[in-house]
1. Can you find a residue in the range B:169-180 that is closer than 30 Å to residue B:240 by Cα, of a type in the set (A, V, I, L, M) and loosely packed, with under 15 Cβ neighbours inside 10 Å?
2. For the range B:341-354, which positions are within 30 Å of the chain's Cα centre (by Cα) and within 7 Å of another protein chain (Cβ to nearest Cβ)?
3. What residue, of A:100, A:107, is part of a helix (DSSP H, G or I), assigned by TED's automatic domain parsing to the domain that holds residue A:136, touching a residue at least 12 places away in the same chain (Cβ under 8 Å) and touching a Ser or Thr at 6+ places or on another chain (Cβ under 8 Å)?
4. Can you name the condition, by its number, that residue B:292 falls short on among (1) without any contact (Cβ under 8 Å) to a residue 40 or more places away in the chain; (2) in a helix (DSSP H, G or I); (3) touching a Gly at 6+ places or on another chain (Cβ under 7 Å)?
5. Can you tell me which residues in the range A:21-44 are more than 30 Å from residue A:188 (Cα to Cα) and under 8 Å from the mean Cα position of the chain (by Cα)?
6. Looking at A:69, A:44, can you tell me which residue is in a helix (DSSP H, G or I), hydrophobic (A, V, I, L, M, F, W, C), buried (at least 21 other Cβ atoms within 10 Å of the Cβ) and free of Cβ contacts under 8 Å to residues at least 24 places away in the same chain?
7. Using the structure shown, decide if residue B:357 is within 14 Å of chain A (Cβ to nearest Cβ), in a loop (DSSP other than H, G, I, E, B) and either more than 30 Å from residue A:81 (Cβ to Cβ) or of a type in the set (A, V, I, L, M, F, W, C) (or both).
8. Output the number of residues of the range A:125-144 satisfying the condition of being in contact with a helix residue (DSSP H, G or I) (Cβ under 7 Å, 6 or more places away or on another chain) and either outside the structural domain of residue A:31 (by TED's automatic domain parsing) or crowded, with 19+ Cβ neighbours inside 10 Å (or both).
Amino acid sequence: MPTTSKKRTVTCKVCGSEFYPGEKWQIWSDKLLLAEGTDVHRLLIYAVTYYQKFDVQVINFGGIDELRLFIENLHNMANFSKVTTLVIARDAETNVVSAIDKVQSAIQNVNLPVPIEPFQYKSNEHIKTAFMLFPGHDDHGQCRTGTVEDLCLATVADDPLLDCVNNFLKCAQKNQENDEEIKHPWKSKIYAYLAGIR
Amino acid sequence: MVTETTIRNFKCFKHLTLPDLARITVIGGKNNVGKTALLEALFLFFDRTPLNMILKQYGWRGLANVITTPEGMWAPIFREYDLNQQISISASIDGNEESARYKYNPNFMLESLPTSETPDDSKGKSVRTDIEPIPSFSLDIEYDDGSKTKKKSHLIISSKGAPGIKHDYDSTGLRKAIFLPAKLQISPKETCDRFSKLTKTGREQDVLKFLKLIETRLKNIAVITEGPEPVIYGDIGLPEMIPISFMGGGMVRLLDVILAIAWCENAVVFVDEVENGIHRSLLPKIWEAIGNAAENYKCQVIATTHSYECLEAVHKGLASRPGDVRYIRLESERDNITAKTSNYEMLGSAIRHNMEMR
């Protein structure tokens with residue numbers, strides 16, 4: 001989590017970058033990675049730091065319904081003409097086709113090259129674009145439904161603690177009033193897992 | 001209302017197109033990118049009759065004198081000071097395509113010859129029989145409003161350096177526009193004339209309501225002549241009314257803005273650095289009031305700003321009329337200035353995401 005120092009800067013504990021509270025952000029890189037929401041944003045900041053891709057600017061665009069306006073504004077910002085790579089990362093959620101469609105239409109809206117499939121670049125003479133859908137492909141190369149939390153949990157699939165988490169969630173679901181579904185079960189699952197690890 | 005405009009070779013603009021202007025259009029961008037120049041170009045397009053149509057724009061920028069040569073008087077409005085270029089400003093106004101072209105002409109022939117006084121002036125003046133007409137310098141201006149004949153004007157500098165103007169058309173009934181410069185205050189007389197016109201039609205309450213946004217104690221305003229010129233005074237509950245200018249720069253700014261909108265009914269008001277002198281906390285209310293006044297008086301307001309807070313205020317204050325709002329950011333790209341247009345929804349999204357959009 002970022003902490004505030006005396007110099008009125010905020011330092012990210014993950015990547016060590018300094019931010020200035022109150023200042024508006026600008027495009028400073030020719031490689032942009034747009035993330036859907038805070039969790040994807042943090043994961044991608046961690047990823048670019050881990051892989052030492054310090055020339056990639058990771059930006060949180062908020063919820064998927066905000067993507068269209070966000071890209072329109074991004075397209076209008078200073079230095080966008082210098083951007084050579086634009087990648088959008090979001091969750092597939094429950095409908096892969098709809099998830100792809102929303103990203104494609106947002107890209108199309110500002111006349112950028114529209115990738116046909118996830119994880120593939122489409123380019124013109126100025127820029128290449130791509131989009132990622134989490135949790136990613138299955139063994140048959142098909143995009144899976146789900147979220148970035150599913151991708152994270154897949155890395156600990158063999159951990160016996162997951163059995164406890166699954167049992168807990170089954171029990172919690174059984175005790176919901178009016179048989180309502182647990183909201184955001186993927187988040188509940190990962191938080192329960194994180195709460196259970198040493 | 002101007003909904004679209006293209007400017008070529010005016011000051012810093014090689015070729016600038018603004019494809020989507022609205023009733024309230026706010027212009028932003030970094031220093032020296034041409035925000036004021038854009039207002040000046042559009043204002044010049046409307047300001048067609050005065051001899052000082054260009055000179056007064058220099059005055060707004062703080063230049064007190066210029067040399068009466070084409071280089072001194074006209075070159076500064078040409079891109080790269082190059083008098084050989086042709087300036088053109090075109091606009092779509094209420095659906096009608098109109099344009100103006102400004103071209104330097106070093107061989108303009110005056111239609112009159114210089115005369116001399118005679119010893120007995122009652123017998124008339126004298127003219128030399130061997131005189132040859134001497135070419136003057138002219139800035140030839142051609143207006144095309146879509147009608148059959150183009151309207152021509154000439155700003156002239158005679159061979160003796162005297163500025164003049166000649167219109168080859170009937171210049172009555174032209175559209176009105178007002179320019180409120182960033183620094184200079186409108187003359188008190190002009191302000192009083194505008195206020196008096198409103199008072200005559202019983203609309204002075206609009207002004208009072210507007211000014212109350214800053215000075216809540218204000219009960220009444222009136223034109224009072226004590227010295228050589230009339231001045232607008234306000235009653236804030238003191239034993240005597242006091243000049244509005246004593247209530248602060250923000251009040252004067254606000255008075256200029258509301259009087260321009262109300263006086264300039266059905267026209268365009270240009271405001272350079274609109275937020276000057278106004279505290280940020282009041283800006284949303286002021287934009288709301290500007291939006292209401294612009295609609296009531298069928299006016300278009302085109303304003304510049306440097307301030308993010310002003311843009312936030314535009315978004316907040318004009319929430320009830322999103323279709324009336326555009327924000328245009330000017331950007332210097334390579335050797336040209338380009339415009340990036342945002343509508344109300346985009347402006348809101350940029351603010352929510354803390355994007356730098358100035």
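The values are calculated or read from the model by the stated rules, or taken from the named source; none is laboratory data. Fair warning: this is a prediction, and the values are worked out from it, not measured in the lab. Note: ideal-geometry Cβ built from the backbone for every residue, glycine included; neighbour counts use all protein chains shown.
1. Checked against the condition, which is being closer than 30 Å to residue B:240 by Cα, of a type in the set (A, V, I, L, M) and loosely packed, with under 15 Cβ neighbours inside 10 Å, the range B:169-180 yields no hits at all.
2. Just the residues of the range B:341-354 that are within 30 Å of the chain's Cα centre (by Cα), to begin with: B:341-348, B:350-351.
The answer is B:342, B:345, B:346, B:350.
3. Numbers: A:100 fails: touching a Ser or Thr at 6+ places or on another chain (Cβ under 8 Å).
Result of the check over A:100, A:107: A:107.
4. The single condition residue B:292 does not satisfy is (3).
5. none
6. Values: A:44 fails: free of Cβ contacts under 8 Å to residues at least 24 places away in the same chain.
Being in a helix (DSSP H, G or I), hydrophobic (A, V, I, L, M, F, W, C), buried (at least 21 other Cβ atoms within 10 Å of the Cβ) and free of Cβ contacts under 8 Å to residues at least 24 places away in the same chain holds for just one of A:69, A:44, which is A:69.
7. Values: within 14 Å of chain A (Cβ to nearest Cβ): yes; in a loop (DSSP other than H, G, I, E, B): yes; either more than 30 Å from residue A:81 (Cβ to Cβ) or of a type in the set (A, V, I, L, M, F, W, C) (or both): yes.
Yes; evaluated as a whole, the condition is true for this residue.
8. The first filter runs over the range A:125-144 and keeps only residues in contact with a helix residue (DSSP H, G or I) (Cβ under 7 Å, 6 or more places away or on another chain), leaving A:129, A:131, A:133-136, A:143.
In the following step, the residues that additionally are either outside the structural domain of residue A:31 (by TED's automatic domain parsing) or crowded, with 19+ Cβ neighbours inside 10 Å (or both) were identified as A:129, A:131, A:133-135, A:143.
Qualifying residue count for the region: 6.
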